[in-house]
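Colleague: First the structure, which I've put down as structure tokens, then a few questions once you've had a look.
The values are calculated or read from the model by the stated rules, or taken from the named source; none is laboratory data. If you're wondering where the values come from, they're calculated on a predicted model, not measured in any experiment. Side chains included, ligands, DNA and RNA excluded: accessible areas come from the protein's heavy atoms. Shrake-Rupley method; radii C 1.70, N 1.55, O 1.52, S 1.80 Å.
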Amino acid sequence: MKIVVIGGTGLIGSKTVGILRQRSHEVLAASPKGGINIITGEGLKVALANAEVVIDLANSPSFEDQAVMEFFETSGRNLLPAEVIAGVRHHVALSIVGTDRTPDNGYFRAKIAQEKLIEASGIPYTIIRSTQFLEFLAGIAASSMDGNIVRLSPGLFQPIAADDVAHVVADVAVAPPRNGITEIAGPERIPFNEVIARYLKAIGDPRQVLSDPEARYWGGRVEELSLVPLGEARLGRIGLDEWLRSAKTRV
């Protein structure tokens, strides 16, 4: 089976490509550096020829509200019609748990726009909504700085390891399309501020984490259940403590 992975050289993409190739699939890791650009449309026709599945893992280089909306709308309007022409049988896209519950978050609004384009495309699809990745904890801490204090909501958080995300994406890609949404999350549900506090302690970072119900996450207010699945979800196997043990060796 030929599978095209858009964003195939990124964090999740590179892991997904490796898994699918180990399973003997023909996998094209598509990226602008390889001459395949979903913003300009360059290389899409050739890349999608004979492809049965497309996995869209591309991400905006900017999280600014207008820029991220333009990225996902433009990429969707280029990629999806090209897939229709190529006869792609399954479109898989990675989105975020809680996109429909955090309207103040510009990135989440852009992901909803992307999801709507997929649903209207006519291509059989599966949208995977994931909780935040454990690999992003450092960036989350940096984005939540207020002087020397890290201010974070005590709302619940259920981060998932990138390895677990990649395995789910690979499994979904070769399964029949759901024409709907699958949610995935880490195995543990913990207050947001406590996750970051444990992460900083594990890597020897002295910054103090303050629980603040008014703290914003990329512009959006975080309620108790804003960032966790509300119904059935597929859970990863790597817990926070296990991931933190490996994180220490990378610092």
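Colleague: Volume per residue, Å³, of the convex hull around the alpha-carbon atoms of the range 22-97? Write out the running numbers ahead of the final one.
Modeller: Working: hull volume 8.8 nm³, N = 76.
Enclosed volume per residue, from the Cα hull, is 116 Å³.
Colleague: Please list 3J(HN,Hα) in residue order for the range 67-81, calculated via the Karplus relation 6.51 cos²θ - 1.76 cosθ + 1.60 where θ = phi - 60°; whole Hz, with x for glycine and proline.
Modeller: Computed from phi, the couplings for the range 67-81 are 5, 6, 5, 4, 4, 6, 6, 5, 5, x, 6, 8, 6, 5, x Hz.
Colleague: Separate question: For the range 1-128, state the semi-axes of the equivalent ellipsoid (square roots of 5 times the eigenvalues of the alpha-carbon gyration tensor), sorted largest first and rounded to whole angstrom.
Modeller: Values: eigenvalues 106, 46, 42 Å².
The answer is 23, 15, 14 Å, longest axis first.
Colleague: At a 1.4 Å probe, what is the % contribution of carbon and sulfur to the accessible area of the chain? Numbers along the way, then the final one.
Modeller: Numbers: 5890 of 11430 Å².
Percent of accessible area from carbon and sulfur atoms in the chain: 52.
Colleague: Right, next: Counting C-alpha atoms alone, how compact is the range 128-237: give Rg to one decimal and Dmax as a whole number, in angstrom.
Modeller: Rg, Dmax (Cα atoms, Å): 15.0, 49.
Colleague: Starting from the exponent 0.38 and prefactor 2.2 Å, build the expected Rg for the range 190-251 from its residue count and divide its actual Cα Rg by it. Don't skip to the end; give the middle numbers.
Modeller: Details: Rg = 13.7 Å, N = 62, 2.2 N^0.38 = 10.6 Å.
For the range 190-251, the normalised Cα radius of gyration is 1.30.
Colleague: What share of all Cα pairs of the range 91-142, in percent, falls into each consecutive 5 Å distance bin?
Modeller: 5, 18, 24, 24, 17, 7, 4, 1, 0
Colleague: With the Cα gyration tensor of the chain giving a ≥ b ≥ c as the square roots of its eigenvalues, does the rule (a/c under 1.5 for rounded; else a/b larger than b/c for prolate; else oblate) give rounded, prolate or oblate?
Modeller: Numbers: a/c = 1.93, a/b = 1.65, b/c = 1.17.
In terms of gyration-tensor shape, prolate.
Colleague: Turning to a different aspect of this structure: If you average the alpha carbon positions of the range 48-122 and of the range 147-179, how far apart do those two centres end up, in angstrom?
Modeller: Computed from Cα coordinates, the inter-centre distance equals 17 Å.
Colleague: Per DSSP helix of 4 or more residues, -39500 (n - 2.57); summed, then divided by the residues of the chain. What does that give at 222 nm, rounded to the nearest 500? Walk me through the numbers before you get to the answer.
Modeller: Details: 8 runs with 93 residues, N = 251.
The helix contribution divided over the chain gives -11500 deg cm²/dmol.
Colleague: Can you give the alpha-carbon Rg of the range 49-92 over 2.2 N^0.38 Å, where N counts its residues?
Modeller: In units of the globular-protein estimate, the range 49-92 measures up at 1.30.
Colleague: Keeping all protein chains in place, calculate the accessible area per residue for the chain (probe 1.4 angstrom), answer in Å².
Modeller: Details: 11430 Å² over 251 residues.
Value returned for the chain: 46 Å² of accessible area per residue.
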